[in-house]
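Below is one structure, written out as structure tokens, with a few remarks after it.
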Amino acid sequence: MKVHKAQEILKGNVNHEVTYKDKLVWLEHIDVENQKALVSVIATGEKMQVPVNELNSQGLELK
């Protein structure tokens, strides 16, 4: 995923399905300078910092 797309998802009013290594995650913060994202794994609540380019979004909305 590109940084600008991650920022759009984070700031948007619609929830998108975002995954990191096949795990659903919630975007917490985007570090544009370092191209990193702070995410929470939805299933466990674990927080981690990951490269933005390793995030995936199929453009699906969570309802």
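Restricting the search to segment 18-32, which residues are open to solvent by less than 50 Å² (accessible area, probe 1.4 Å) and among the charged types (D, E, K, R)?
Initial filter on segment 18-32 (open to solvent by less than 50 Å² (accessible area, probe 1.4 Å)): 18-20, 25, 27, 30-31.
The answer is 31, and nothing else.
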| request: Starting from segment 11-38, take each residue that is more than 13 Å from residue 50 (Cβ to Cβ) and list its partners that are among the hydroxyl-bearing types (Ser, Thr, Tyr), counting only C-beta distances under 8 angstrom and pairs at least six apart or across chains. | output: 16/57; 17/57
| said: Within segment 33-42, does at least one residue satisfy the condition of being part of a loop (DSSP other than H, G, I, E, B), surrounded by 12 or more Cβ atoms within 10 Å (Cβ to Cβ), in contact with a helix residue (DSSP H, G or I) (Cβ under 7 Å, 6 or more places away or on another chain) and at pLDDT 90 or above? | reply: yes
| task | With the checklist (1) at pLDDT 95 or above; (2) open to solvent by 100 Å² or more (accessible area, probe 1.4 Å) in hand, flag the one item residue 2 doesn't pass. | result | (1)
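The values are calculated or read from the model by the stated rules, or taken from the named source; none is laboratory data. Keep in mind the model is a prediction, meaning the values are calculated, not measured. Note that we place each Cβ from the backbone using ideal geometry, even for glycine, and neighbour counts take in every protein chain shown. Quick note on the areas: whole protein, heavy atoms, side chains included, nothing else; ligands and nucleic acids left out. Shrake-Rupley method; radii C 1.70, N 1.55, O 1.52, S 1.80 Å.
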